[in-house]
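The values are calculated or read from the model by the stated rules, or taken from the named source; none is laboratory data. Owing to the predicted nature of the structure, the values given are computational and were not obtained by experimental measurement. For neighbour counting, all protein chains shown are included, and Cβ atoms are generated from backbone atoms with ideal geometry for every residue, glycine included. Heavy atoms of the whole protein, side chains included, go into the accessibility calculation; ligands, DNA and RNA do not. Shrake-Rupley method; radii C 1.70, N 1.55, O 1.52, S 1.80 Å.
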Amino acid sequence: MKPMIKSPLQIARFEYRPKLPASLKGQVALSLGVPTQSVADQSDIKALFPNTYGMPLITFEAGKVKEYPVKNVGVILSGGQAPGGHNVIAGLYDGLKKLNPQNRLYGFLGGPSGLIEHQYIELTGELIDEYRNTGGFDIIGSGRTKLEEEWQYDKGAEICKKLDIHAIVIIGGDDSNTNACVLAEYYLQKKTGIQVIGCPKTIDGDLKNEMIETSFGFDTACKVYSELIGNIQRDASSAKKYWHFIRLMGRSASHIALECALQSQPNICIISEEVEAKEMTLSQVVEDVVQVIVKRADHGLNFGTILIPEGLIEFIPAMKKLIAELNDLLAHNTDFNALNTDDEKRQYVKGLLSKESCEVYRSLPKGIARQLTLDRDPHGNVQVSLIETEKLLIEMVAKRLAQLKAEGVYKGKFSAINHFFGYEGRCAIPSNFDADYTYSLGYTAAVLISEGKTGYMSSVRNLTAPAAEWIAGGVPITMMMNMERRHGKMKPVIQKALVRLDGAPFRFFATYRDQWAGETSEFLYPGPIQYYGPSEVCDLSTRTLQLESGK
Ligand code: FBP
């Protein structure tokens, strides 16, 4: 038997034809809404974006046959991987070719740096076919270079001119789409004739608003993590001897943790946004966890599951202050970087922190304190995915339980296992939802470009309905913006969407969490993503989307 080049599922998925909204199936006409406004700080945003501010919302509907001019396009994948990226490119390619077979598509390699450094390939039909309905960003690679300086924009315009590229599509999260908006405005001001269109990507689910119901990749990633959590819950209820502390990716926002909780009904799920709203200390978070463990132990249940959002520690006020001080202290700090040992680094940091933050720093297990001083991301922020909050919690919970045992309050046995789920889900084969959604987003971008639009984000809405009823169109990116302080300066940025405590998904969770924590456990076992079978199993959207749309 020969080794396989592709798995049977890979081969089958190649044949999958993503479902499109009805409006994209034939000829498309644009319906323009009324002029829009930014979500806040209207006069500042208007002044910064004189050419792209106030543009109308665009909705597609069935239209008449129309001839479109040739539009060559360059596409960039920006930031962390998210399932469906390849299908955005496939939808973009198919849309462009349908609108004018002369259109060509180029891919900039390794993220935004490919545009600046003129690294690109032409994306041919043959190459794209290899990647249809697959996970990953490997067709052209991704990167975290920030596109925010004029010399970078000019370098980009240079290569566009050379390749006769009329539009750039940036597939990224809130920061990348903010940069797409600035780039669109700059290219208009400079009359380069280059259009810029954004696409909402991130497994974190924090790029969403009234017009963007969800970012792509969130659906698949949450389904992968929920499957794993469900499997762990079955193991926990079978062996009855471990508490599983499971940290989930998601950066600042707890959308992933919340969605996984809705899908798997664990005993505990911590929501960072709630911790912040209640101004909880780390000890209070630990105390809440301990209470559930003690209560279950009273019923002889020394096992369970706890979901922890990866950004948790940044939402605990004292930790937030410590991290902010560390961010300032470590920014471009050559003295710190020149130190050799962890002990030297620890002493150095302690000497520069405020008294309050120094106490918090000293109270942390050394391993966690060290992780807080690791390299910053390109935005100067601590990389939360590198901080093992689940281990910190296990250590603190174990200590508190030992005290309670000594006092005779706790009679159970505590054995904990830590997990971190993040990279496992970011490149999974996209669910049908993500495969369809991303293909539609890419196709939508092709229409917006062919219609000469710039400064828009590709938008597909009504996502809990069957795909044929989805509403495709464009949202002016300026509409999602407000002014925020970043690195000491006020900047126009897309508002990051955190979990809303008054939102339907959190309220549902809050109604049932005590029941899930209790002695009966109501674990759900979602099982693996289904790509084939009854629509109610394989085309399912997230619980978050369903609850948000009143379902
Ligand atoms: P994006 O916001 O770029 O989509 O990335 C999301 C994410 O997966 C976060 O959940 C995580 O904290 C981070 O990327 C990890 O970054 P890296 O890929 O650089 O390790």
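Observations
- Residue list for the stretch 371-388, restricted to those being open to solvent by 10 Å² or more (accessible area, probe 1.4 Å), within 12 Å of the ligand (Cβ to nearest atom) and farther than 14 Å from ALA324 by Cβ: LEU374, ASP375, ASP377, PRO378, GLN383, SER385, LEU386
- Test for ILE368: is it surrounded by fewer than 24 Cβ atoms within 10 Å (Cβ to Cβ), outside any helix (DSSP H, G or I), in contact (Cβ under 8 Å) with a residue 12 or more places away in the chain and more than 16 Å from the ligand (Cβ to nearest atom): no
- Residue match in the stretch 389-400 (condition: open to solvent by less than 10 Å² (accessible area, probe 1.4 Å), among the acidic types (Asp, Glu), more than 18 Å from the chain's Cα centre (by Cα) and within 16 Å of the ligand (Cβ to nearest atom)): yes
- For the stretch 184-215, a residue qualifies if it is modelled with pLDDT under 95 and out of contact with any strand residue (DSSP E or B) (no Cβ under 8 Å at 6 or more places or on another chain), and the qualifying residues are ASN209, GLU210.
- Restricting attention to the stretch 116-133 and to residues that are farther than 16 Å from ASP94 by Cα and buried (at least 17 other Cβ atoms within 10 Å of the Cβ), the residue that is farthest from the ligand (Cβ to nearest atom) turns out to be TYR120.
- Residue check for ASN100: in contact (Cβ under 8 Å) with a residue 12 or more places away in the chain and open to solvent by less than 10 Å² (accessible area, probe 1.4 Å): no
- Every residue from the stretch 510-551 that is closer than 24 Å to THR305 by Cα and among the β-branched types (Val, Ile, Thr): THR511, THR520, ILE529, THR542, THR544
- Scope the stretch 302-322; condition touching an Asp or Glu at 6+ places or on another chain (Cβ under 6 Å) and crowded, with 20+ Cβ neighbours inside 10 Å; matching residues: ILE308, PHE315
- Residue count for the stretch 179-200, restricted to those that are open to solvent by less than 10 Å² (accessible area, probe 1.4 Å) and in contact (Cβ under 8 Å) with a residue 40 or more places away in the chain: 10
- Pair list, Cβ < 6 Å and 6+ apart or interchain, from the stretch 239-254 residues that are closer than 15 Å to LEU228 by Cβ and charged (D, E, K, R) to residues that are more than 16 Å from the ligand (Cβ to nearest atom) and open to solvent by less than 30 Å² (accessible area, probe 1.4 Å): none
- When LEU207 is tested against the conditions (1) free of Cβ contacts under 8 Å to residues at least 60 places away in the same chain; (2) buried (at least 23 other Cβ atoms within 10 Å of the Cβ), the lone failure is (1).
- Close pairs from the stretch 29-45: first closer than 30 Å to LYS64 by Cα, partner small (Gly, Ala, Ser) and open to solvent by 50 Å² or more (accessible area, probe 1.4 Å), Cβ under 9 Å, at least 6 apart: ALA29/ALA62
- Residues of the stretch 205-253 classified as under 17 Å from the mean Cα position of the chain (by Cα), of a type in the set (Gly, Ala, Ser) and either in a helix (DSSP H, G or I) or under 25 Å from ARG296 (Cα atoms) (or both), total: 2
- Any hit, the stretch 60-78, residues being more than 20 Å from GLY474 (Cα to Cα) and open to solvent by 70 Å² or more (accessible area, probe 1.4 Å): yes
- Counting only residues that are assigned to a loop (DSSP other than H, G, I, E, B), open to solvent by 10 Å² or more (accessible area, probe 1.4 Å) and closer than 27 Å to SER38 by Cβ, the stretch 415-463 holds 5 of them.
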